[in-house]
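Worksheet for the structure shown next.
Nothing in this text is a laboratory measurement; each read-out follows from the coordinates by a stated rule. These numbers come from a predicted model, not from an experiment. Reconstructed Cβ throughout: ideal geometry from the backbone, glycine too, with neighbour counts over all protein chains shown.
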Amino acid sequence: MPVEPWMEGVYDAERMRELDRWAIERQGVPSLELMEAAGSATARAAGEIARSARVHVVCGKGNNGGDGLVAARRLAETGYDVEVLFLWPTDELSDDAKANLARFEGRCRQVDASEVGRALAETGVVVDAIFGTGFSGAPRAPADAAIEAVNGADAPVVAADIASGVDASTGEVDGAAVAANVTLSFHAAKLGHWIAPGKWRTGDVQVADIGIPAGRPVEPAAGLIGDEVLALVPRRGRDSTKFSSGQVLIVGGSRGLTGAVCMSSDAAIRAGAGYATVAVPSDLEDIFEVKLTEVMSRGMPGPAGSLGPEAEEPILEAAERAAAVALGPGLGRAEPAFELARSLARKVKAPLVIDADGLNAHAGHLESLAERAAPTVLTPHAGELARLLGSDSDDVAAHRLRDAREASARSGAIIVLKGDDTLVVDGERVAINRRSSPALATAGTGDVLTGVVSALLARGMEPFAATCAGVLAHARAGRAAGERVGTESVIATDVIDAVPAGLATP
């Protein structure tokens with residue numbers, strides 16, 4: 001996947017294998033040199049967090065075990081008391097690992113998995129070199145018990161390339177997985193480092209240059225969203241008007257859920273939209289007139305306290321003047337509102353962001369969105385994506401990348417799967433937000449994201465870039481709000497106030 005200039009490439013297992021082969025077979029870099037650099041970097045990372053001079057390296061039988069043996073030798077050379085624990089007989093080691101075993105003059109022994117916990121009882125740091133990036137599935141004996149013992153040790157853990165048990169290509173964890181404090185990723189980060197649940201096992205990601213030459217013939221599998229995308233956000237000039245800055249129309253609202261529309265519309269104008277209009281139930285319009293100062297409102301016909309099919313024509317008329325439309329905030333789950341949402345999604349000609357109950361309206365109807373000619377962005381959390389796919393939220397949480405890709409393929413839309421590792425998936429393109437922002441774990445922040453992305457679309461940004469910029473700005477705004485009022489005290493309107501800080505170019 002060619003990554004955008006504002007993305008930092010990350011790899012999956014297959015592409016990393018191709019890159020290794022290219023370096024070794026086409027560029028003439030000896031595999032042992034790559035292993036030496038990888039193990040040396042791991043040793044440095046282990047030395048930085050070791051609590052004492054005692055080190056244990058837990059090795060598998062593949063090349064990841066060879067990386068661990070290099071780390072053991074390097075640590076021993078600098079004065080650490082090192083012991084290597086093998087989970088399999090040494091005659092099963094890979095050739096390069098055997099070569100590094102021959103170079104290691106320190107203590108090493110094969111252990112039963114039941115012995116690993118006792119061996120680690122007094123250690124100052126553990127190096128996890130059981131499985132590398134080629135691993136997938138669930139660890140079997142003896143690795144599974146050994147991984148649990150590593151996690152039970154009262155010592156920090158450094159993972160060589162990836163925490164054992166994490167799928168490097170997807171971030172999936174199907175069984176036991178090491179919980180690393182630091183992961184030393186070789187050459188480049190992997191998808192599994194940044195996608196949950198693997199992200200929760202990775203700790204601090206550090207990337208080590210191991211000597212793979214420049215001029216790679218292999219494109220990354222995905223990219224981390226970089227701050228550079230914010231430079232693409234249009235800026236107002238002397239000749240700008242509210243019309244050239246773009247109009248956003250937000251469709252939603254129902255009794256008890258008026259706040260969602262207000263937050264989306266406020267976020268849209270805070271993100272630079274020239275003006276915003278809300279299309280809301282007519283019998284609730286007075287509420288919006290009181291709550292919204294800078295935003296216009298249009299009352300729409302429908303059932304009491306809700307929108308319904310009767311509102312379709314006036315909403316489509318309003319949408320003709322909009323540069324982007326947001327559908328779903330506060331819409332409610334009444335069937336007439338769902339019927340309206342499905343019909344509008346097919347007929348709105350402007351770029352469309354669908355969130356909240358606009359998404360729930362499309363459960364069982366996801367493919368209908370593929371009929372749209374204009375760009376479509378869906379912003380589900382795991383539960384909403386599960387309903388769209390006819391799945392359940394636990395399954396989505398376990399297979400986030402797979403399910404985001406499926407939803408994008410079926411709908412033809414850009415999928416924003418929200419979370420601390422928010423994924424933006426557009427066909428083959430995958431972008432990952434690396435910016436953790438725990439302050440966003442509060443009601444209403446999804447409505448803020450909807451408003452920000454809608455504004456950037458209205459301002460004319462390319463849809464994938466607009467979505468990624470909105471995701472990043474939203475995360476940065478959440479962090480800025482947390483710094484101002486404290487992470488536990490952030491509410492959605494704090495995030496709206498911080499949107500300018502989120503959009504500011506570094």
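Post the alpha-carbon centroid distance, the range 256-301 to the range 306-383, in whole angstrom.
16
Lysines near LYS98 by alpha-carbon distance under 23 Å, same-chain residues fewer than 8 away left out - which ones?
Output for LYS98: LYS61.
Between GLU18 and GLU462, what length in nm is gained on full extension when 0.36 nm per residue of separation is reduced by their alpha carbon distance? Don't skip to the answer; put the middle values down first.
Values: separation 444, 0.36 × 444 = 159.84 nm, distance 3.16 nm.
Gain on extension, GLU18 to GLU462, equals 156.7 nm.
With r defined as the distance between the Cβ atoms of ASP81 and GLN110 and R0 fixed at 22 Å, what FRET efficiency is calculated, to the nearest 0.05?
0.70
Run the simple label-point estimate for GLU339 and ASP286 please: 7 Å along Cα→C-beta, distance reported in nm.
2.8
DSSP loop GluC sites (Glu not before Pro) in the range 419-506 with at most 14 other Cβ atoms within 10 Å of their Cβ, which ones?
Qualifying residues, ordered by number: GLU428.
Can you compute the FRET efficiency between ALA121 and ARG238 using 1/(1 + (r/R0)^6), with r the Cβ-Cβ distance and R0 = 60 Å? Round to the nearest 0.05. List each step's numbers first, then the result.
Values: r = 70 Å, r/R0 = 1.17.
The value I calculate is 0.30.
Please list 436-442, 446-452 highest first by mean number of surrounding beta-carbon atoms within 10 Å per residue.
Values: 436-442: 18.9, 446-452: 30.9.
Taking the mean over residues of other Cβ atoms within 10 Å, the ranking is 446-452, 436-442.
For the range 277-354, which trypsin sites (Lys or Arg not before Pro) pass both filters: DSSP loop (anything but H, G, I, E, B) and at most 14 other C-beta atoms within 10 Å?
Values: sites: LYS291, ARG298, ARG321, ARG333, ARG342, ARG346, LYS347, LYS349; in loops: ARG321, ARG333, LYS349.
The qualifying sites are ARG321, ARG333, LYS349.
Are there any GluC sites (Glu not before Pro) in the range 109-166 that are in a DSSP loop and have at most 13 other Cβ atoms within 10 Å? List them by number.
GLU122
So how far apart, in nm, are the two label points at ASP392 and TRP88 if each is 7 Å from Cα heading toward Cβ?
3.5
Could you give the length gained by full extension between THR505 and LYS349, i.e. 0.36 nm per residue of separation minus their alpha carbon distance, to one decimal place? Let's see the in-between values first.
Working: separation 156, 0.36 × 156 = 56.16 nm, distance 3.13 nm.
The THR505-LYS349 span can extend by a further 53.0 nm.
In straight Cα distance, which lysines are under 21 Å from LYS190, not counting same-chain residues fewer than 8 positions off?
Reachable lysines: LYS199, LYS418.
Between ARG410 and ALA53, 0.36 nm times their residue separation minus their Cα-Cα distance comes to what?
Computed gain between ARG410 and ALA53 is 123.1 nm.
Mind sorting HIS474, HIS365, HIS56, HIS399 by how few other Cβ atoms lie within 10 Å of their own Cβ, fewest first?
Going from sparsest to densest Cβ surroundings: HIS365, HIS399, HIS56, HIS474.
Taking only the alpha carbons of the range 251-330, what extent do you get along each of the three principal axes, in Å, biggest first?
The Cα atoms of the range 251-330 stretch 33, 26, 17 Å along their principal axes.
Per-residue counts of other Cβ atoms within 10 Å, averaged by peptide: what ranking do you get for 162-174, 370-382, highest first?
162-174, 370-382
Go through 305-315, 234-244, 101-111 and give me the packing order, highest mean Cβ count within 10 Å leading. Please list the in-between numbers first.
On the way: 305-315: 19.1, 234-244: 10.2, 101-111: 14.5.
Averaged packing, sorted descending, gives the order 305-315, 101-111, 234-244.
Could you compute the FRET efficiency for ASP95 and ASP204, with r as their C-beta to C-beta distance and R0 at 35 Å, rounded to 0.05?
0.65
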